[in-house]
Amino acid sequence: MNDQRPMAGRVAMITGASSGIGEAAAHAFADEGAAVVLVARRGERLRALVRKIEDSGGRALAVEGDVTDAGRMREAVEAAVEAYGRLDHAFNNAGYASAGLPLHEIDDDVFRRTMDVNVTGVWNCMRHQIPVMLGQDSGGSIVNTASVAATRATGASAAYVAAKHAVLGMTRAAAADYGTAGIRVNALVVGATRTEMMEEVLAQDAGLEQRFADDSVQKRMAAPSEVAAAALWLCGDGASYVTGAAMPVDGGATAV
């Protein structure tokens, strides 16, 4: 019996997949029929997630690795092609956040880590994902996780704000570069979301929780599944005329 689900026969690579938004996206894409290639540093958690997806009838592959490692991201893309023959979608979601310190108090290690994961990590992924998509008649679609911090200062650190501005710029440049080749590239402008990483940020400054909730006109944080649903839509056929976009998933934070 043919699988009639919207993503049947497609392959999606998702980074930061061991928890939070990435984990929610893994389930969302797999539920719609895609084979998912899941990338994160925590291999045991990835493999447990693969088992859950397979137990539900889905297809999944775990690739343990850090997005800051360009060679490992090349290997992750190669693993996707080797296992499933193609790469149709990529959700470059891995991130690292910091908050609670003014610019001059951020130490070099935190600054480098923030830029390496959020900016170099997206670069490392796209530079290997795009050549595969260029070799396919169907092109492909890429979604990068940005943030409300890509549009303004939010209470996150200056390093994080700078990094997410860079992600948005890289997304728009890639959309312009590859639009005629059938590759769409978009970014999610994500508001405060209840993830493991968010809990770590809030542990640094408990006062941020109310500030982040108040930033949304809905006066709450997002669930990871709400952000994952937006990434799924941007990758799907319903968004075929959407590229170079900064799509807010922020409870209205950028509307006011």
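A few notes on this one:
- The residue list SER240, SER225 contains one member that is among the hydroxyl-bearing types (Ser, Thr, Tyr), open to solvent by 50 Å² or more (accessible area, probe 1.4 Å) and in contact (Cβ under 8 Å) with a residue 60 or more places away in the chain, which is SER225.
- Inside the stretch 143-178, residues that are touching a residue at least 60 places away in the same chain (Cβ under 8 Å), of a type in the set (Gly, Ala, Ser) and over 29 Å from LEU101 (Cβ atoms) make up a count of 2.
- Members of the stretch 197-225 found to be assigned to a helix (DSSP H, G or I) and acidic (Asp, Glu), listed by number: GLU199, GLU200, GLU209, ASP214, ASP215
- Of all residues in the stretch 194-215, those satisfying the criterion of being touching a residue at least 24 places away in the same chain (Cβ under 8 Å) and either in contact with a helix residue (DSSP H, G or I) (Cβ under 9 Å, 6 or more places away or on another chain) or among the charged types (D, E, K, R) (or both) are ARG194, THR195, GLU196, MET197, MET198, GLU200, VAL201, ASP205, LEU208, ARG211, PHE212, ASP215.
- Checklist (1) within 24 Å of GLY207 (Cβ to Cβ); (2) free of Cβ contacts under 8 Å to residues at least 60 places away in the same chain; (3) touching a strand residue (DSSP E or B) at 6+ places or on another chain (Cβ under 7 Å) applied to GLY140, failing item: (1)
- Unmet criterion (only one of (1) surrounded by fewer than 16 Cβ atoms within 10 Å (Cβ to Cβ); (2) modelled with pLDDT of 95 or more) for ALA26: (1)
- Scope the stretch 193-226; condition modelled with pLDDT of 85 or more and not charged (D, E, K, R); matching residues: THR193, THR195, SER216, VAL217, GLN218, MET221, ALA222, ALA223, PRO224, SER225
- Yes/no for VAL242 being part of a loop (DSSP other than H, G, I, E, B), in contact with a Leu (Cβ under 7 Å, 6 or more places away or on another chain) and not aromatic (Phe, Trp, Tyr): yes
Listed here are the residues, each with its yes/no results for (1) crowded, with 22+ Cβ neighbours inside 10 Å; (2) of a type in the set (Gly, Ala, Ser).
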| site | (1), (2) |
| --- | --- |
| VAL37 | yes, no |
| ARG74 | no, no |
| ALA83 | no, yes |
| HIS89 | yes, no |
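- From the list ASP250, ASP214, the lone residue that is out of contact with any His (no Cβ under 9 Å at 6 or more places or on another chain) and open to solvent by 40 Å² or more (accessible area, probe 1.4 Å) is ASP214.
- Selection count where residues are of a type in the set (Lys, Arg) and at pLDDT below 95, scope the stretch 108-151: 0
The values are calculated or read from the model by the stated rules, or taken from the named source; none is laboratory data. Model, not experiment: these values are computed from the prediction. Backbone-built Cβ (ideal geometry, glycine too); neighbour counts: all protein chains shown. The area values use the complete protein model at the heavy-atom level, side chains included, leaving out ligands, DNA and RNA. Shrake-Rupley method; radii C 1.70, N 1.55, O 1.52, S 1.80 Å.
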